[in-house]
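Reading through the structure tokens given below for one structure.
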Amino acid sequence: MIKDYRILLFIGLLGMVLLGLAIRKGFDEDYIRYQKAYYEALGEDFPGPVVKQVNVKTPSSMLVDRCQSCHIGAANPEARDFEMPLTAHPPIVPGASEDPHDFNKIGCAVCHDGSSRDLDEHLAHGEAHGWIAPLVSGKIAQANCVRCHAMESGHLAGAEQFEKGRELFLEKACWGCHTVAGVSTSSQAPELSNAGGKFTFDYLYESIVHPKANDANSKMPEFDWVHDHETVVALATYLKGLQETKLRSEETAPIGYIKPKADEVRIQEASVDAGRALFAGVPYEGSINRGGCVNCHAFRNDEGQLAGGHIGPELTWSIRNRGKDYVRDHIVNAREHVADSIMPTFKDYNDAELDSLVMFLSSFDYKLASDSKAQLLYDTYCISCHGEDLDGRGVISDMLDPLPRDFSRHQFVSAYEERFKHSILNGVAGTAMPAWKNTLSEDDVELLVGFIHEKALENAPDNFRRVEAALPKVGDADRRDWRNKGKVVKAGDVENGGSAFQQYCTSCHGKLANGKGPNAYNLHHPLPRNLLNKAFMNQEGMTDERLYQSILLGVAGTPMPSHDHLSDQTIIDIIAYIRANTEEAE
């Protein structure tokens, strides 16, 4: 019994100790220590701790802001020389005789985010793991001016970094892929209209510099300019300012706001100079900046010197190889020509802007001398796509779909060499491979074919050859009728072909036949074909016999295996299904 009392006494004493520690901690909160230091710096007696709270009405709730419990001198000019967090807040509007921002009305979190209800410094600054709105400070806080001020256009004093980011969004052609309400309507990449409402500044910064850091499947390129810290900070500040939740009404805005008026000036008369400005991503005669091709594409001057990005194909020969109509249409909708292109859809250009770009691209006239050697021809015209080692992995190859051909495998070169000359001269429809017949001479093409042949076959065995297989005709005996039952080939059946395709082909080519099957990206280059690519599938050389040979024998030098275990009838049915599926594709 006595032991029981001793246990109760011990528990009681422990509880009193813990209560004392809790009381002591309560008098040693961060904000109390800062308030004591503040009044000591002022030379005044400490009147006792107070939780200073500002309530800001938002469209959905009441924002409780207790930040000035620690930042107690924020609105006191006499505290301008105090250390943080006791110091006065610097003027938000540079040069204003009286700053219109009243911290007693707007608090701090409207501009700086954080967890404004908390009094613990770590929590109040939003440093808790997973907190969506960690503290933003300095110029980055300009992202939140948008909550009260209409900043879609025009100028707002004190928000220069936000405005610089908005200019960069246009200059770097981000608008070509991303939709931002009131700015752009492209849909080839995630919409950013509420980017700042969904993501932290650090997340947005990282996604610009390393697009695959947060999405391993991202097709966003790593641009050269991401190494410029100031550029990325400004752009990320703008993106952080793209928020759907705003305080723009008489009921919710802590202070009044200004909606600046800015008329959008567009190029109205086509010219080479206007096209040059659009290509470079700079305004032209007061026009709003909607260009930036140079971020992805390079071109050569009269001396052959390259300038521009290395993400998309070089454009020095684009008009000569493709023609003006093709290039004009490609700018508006690249996927009309190349089904899997990641080229942005620049459908917002008007006719004068499109014509200006075509005129500028038409001004390129650089060409190698007629007596150039094969290596120089390859290095000038082919290397950026097909690579230094002829393996199809040139500097821009990652951004092309389908990837450029791999000529480093002797099996492919030995089996399909007869196609090379035709492909160089006439291009490969539905891919990034253009027709070079208006740029290269017959002699140039012969030199290139010979160069590829020599490089690819220098270590090839002498006895390699491609098996020949003719397309069976209706009524021919089926190749797999090994029991002599009299089976003959009939016309292809689409329904049966669909069943066979799902059974034998989808792991690589996908259930939709778009080349995106579950095994596709585990294969070595080249990846499976997109069989919905009309331009590629309907080109002159893509005959039923070529499809039959590819299915039966496989494609030499690629991951496409032989399917000689299938009967001729099954292969013919699969071809019928592929043809029907391609025609139905949008």
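Tell me whether region 296-303 contains one or more residues that are crowded, with 18+ Cβ neighbours inside 10 Å and among the small types (Gly, Ala, Ser).
Filtering region 296-303 down to residues crowded, with 18+ Cβ neighbours inside 10 Å leaves 296-300.
Filter once more, keeping what is among the small types (Gly, Ala, Ser): 298.
Looking through region 296-303, at least one residue is crowded, with 18+ Cβ neighbours inside 10 Å and among the small types (Gly, Ala, Ser).
Can you find a residue in region 464-478 that is farther than 27 Å from TYR577 by Cα, touching a residue at least 40 places away in the same chain (Cβ under 8 Å) and not in a helix (DSSP H, G or I)? Checked region 464-478: at least one residue is farther than 27 Å from TYR577 by Cα, touching a residue at least 40 places away in the same chain (Cβ under 8 Å) and not in a helix (DSSP H, G or I). Scanning region 272-315 for residues that are more than 24 Å from MET433 (Cα to Cα) and in a strand (DSSP E or B) yields a count of 0. If you check ALA143, ALA124, ALA181, ALA109 for being within 30 Å of ASP224 (Cβ to Cβ), surrounded by 22 or more Cβ atoms within 10 Å (Cβ to Cβ) and of a type in the set (A, V, I, L, M), only one passes: ALA143. Scanning region 329-382 for residues that are assigned to a helix (DSSP H, G or I) and either in contact with a Gly (Cβ under 6 Å, 6 or more places away or on another chain) or of a type in the set (Ser, Thr, Tyr) (or both) yields SER356, LEU357, MET359, PHE360, SER362, TYR378, THR380, TYR381. Going by what's in this entry, would LEU354 be described as more than 18 Å from CYS296 (Cα to Cα) and either free of Cβ contacts under 8 Å to residues at least 24 places away in the same chain or not polar (S, T, N, Q) (or both)? It is false that LEU354 is more than 18 Å from CYS296 (Cα to Cα) and either free of Cβ contacts under 8 Å to residues at least 24 places away in the same chain or not polar (S, T, N, Q) (or both).
State yes or no: is ARG335 of a type in the set (Lys, Arg), surrounded by 20 or more Cβ atoms within 10 Å (Cβ to Cβ) and either at pLDDT 90 or above or out of contact with any strand residue (DSSP E or B) (no Cβ under 8 Å at 6 or more places or on another chain) (or both)? When the stated conditions are applied, ARG335 does not pass them. For the residues GLY427, GLY387, GLY392, the requirement of being on the phi > 0 side of the Ramachandran plot, outside the structural domain of SER218 (by TED's automatic domain parsing) and touching a Leu at 6+ places or on another chain (Cβ under 6 Å) singles out GLY392.
ALA535 meets the conditions (1) surrounded by 14 or more Cβ atoms within 10 Å (Cβ to Cβ); (2) touching a helix residue (DSSP H, G or I) at 6+ places or on another chain (Cβ under 8 Å); (3) of a type in the set (Gly, Ala, Ser) in every case but one. The failed one is (2). Among the residues of region 194-232, those that are more than 20 Å from MET343 (Cβ to Cβ) and buried (at least 19 other Cβ atoms within 10 Å of the Cβ) comprise ALA195, GLY196, PHE199, PHE201, LEU204, TYR205, SER207, VAL232. Tell me whether region 505-528 contains one or more residues that are touching a residue at least 24 places away in the same chain (Cβ under 8 Å), crowded, with 19+ Cβ neighbours inside 10 Å and assigned to a helix (DSSP H, G or I). Within region 505-528, one or more residues are touching a residue at least 24 places away in the same chain (Cβ under 8 Å), crowded, with 19+ Cβ neighbours inside 10 Å and assigned to a helix (DSSP H, G or I). Screening the candidates GLU230, GLU222, GLU191 for the property of being without any contact (Cβ under 8 Å) to a residue 40 or more places away in the chain, under 22 Å from ALA280 (Cα atoms), of a type outside the set (A, V, I, L, M, F, W, C) and in a loop (DSSP other than H, G, I, E, B) yields one hit, GLU222.
Considering every residue within region 402-409, establish whether at least one is among the hydroxyl-bearing types (Ser, Thr, Tyr), surrounded by 19 or more Cβ atoms within 10 Å (Cβ to Cβ) and closer than 28 Å to VAL327 by Cα.
Filtering region 402-409 for residues among the hydroxyl-bearing types (Ser, Thr, Tyr) gives 408.
When the remaining residues are screened for being surrounded by 19 or more Cβ atoms within 10 Å (Cβ to Cβ), the result is 408.
Next, from what is left, pick out any that are closer than 28 Å to VAL327 by Cα: none.
Checking region 402-409: not a single residue is among the hydroxyl-bearing types (Ser, Thr, Tyr), surrounded by 19 or more Cβ atoms within 10 Å (Cβ to Cβ) and closer than 28 Å to VAL327 by Cα.
ILE452 is checked against (1) in a loop (DSSP other than H, G, I, E, B); (2) touching a His at 6+ places or on another chain (Cβ under 9 Å) and fails just one. What number does that condition carry? For ILE452, the failing item is (1).
Considering only residues of region 62-76 that are part of a loop (DSSP other than H, G, I, E, B) and more than 23 Å from ARG147 (Cα to Cα), which is farthest from the chain's Cα centre (by Cα)?
Within region 62-76, the subset part of a loop (DSSP other than H, G, I, E, B) is 66, 70-76.
When the remaining residues are screened for being more than 23 Å from ARG147 (Cα to Cα), the result is 70, 72-73, 76.
Numbers: CYS70: 41, ILE72: 43, GLY73: 44, ASN76: 45 Å.
Result: ASN76.
The condition of being surrounded by fewer than 13 Cβ atoms within 10 Å (Cβ to Cβ) and at pLDDT 95 or above holds for only one of ALA500, ALA470, ALA491, that being ALA491.
Is region 47-61 home to any residue that is assigned to a helix (DSSP H, G or I) and of a type outside the set (Val, Ile, Thr)? Don't jump to the end; show me each part of the working.
First, pick out the residues of region 47-61 that are assigned to a helix (DSSP H, G or I): none.
Within region 47-61 (the criterion being assigned to a helix (DSSP H, G or I) and of a type outside the set (Val, Ile, Thr)), the answer is no, since none of the residues qualifies.
Residue selection: GLY114 satisfies the criterion of being surrounded by 14 or more Cβ atoms within 10 Å (Cβ to Cβ), at pLDDT 90 or above and over 25 Å from the mean Cα position of the chain (by Cα). Within region 477-488, being surrounded by 10 or more Cβ atoms within 10 Å (Cβ to Cβ) and either of a type in the set (Lys, Arg) or over 18 Å from HIS565 (Cα atoms) (or both) holds for ARG479, ARG480, LYS487.
Scanning region 146-178 for residues that are out of contact with any Gly (no Cβ under 6 Å at 6 or more places or on another chain), assigned to a loop (DSSP other than H, G, I, E, B) and under 21 Å from VAL226 (Cα atoms) yields a total of 2.
The values are calculated or read from the model by the stated rules, or taken from the named source; none is laboratory data. Because the structure is a prediction, the values reported are computed rather than measured. Glycine also receives a Cβ, built like all others from the backbone with ideal geometry; neighbour counts cover every protein chain displayed.
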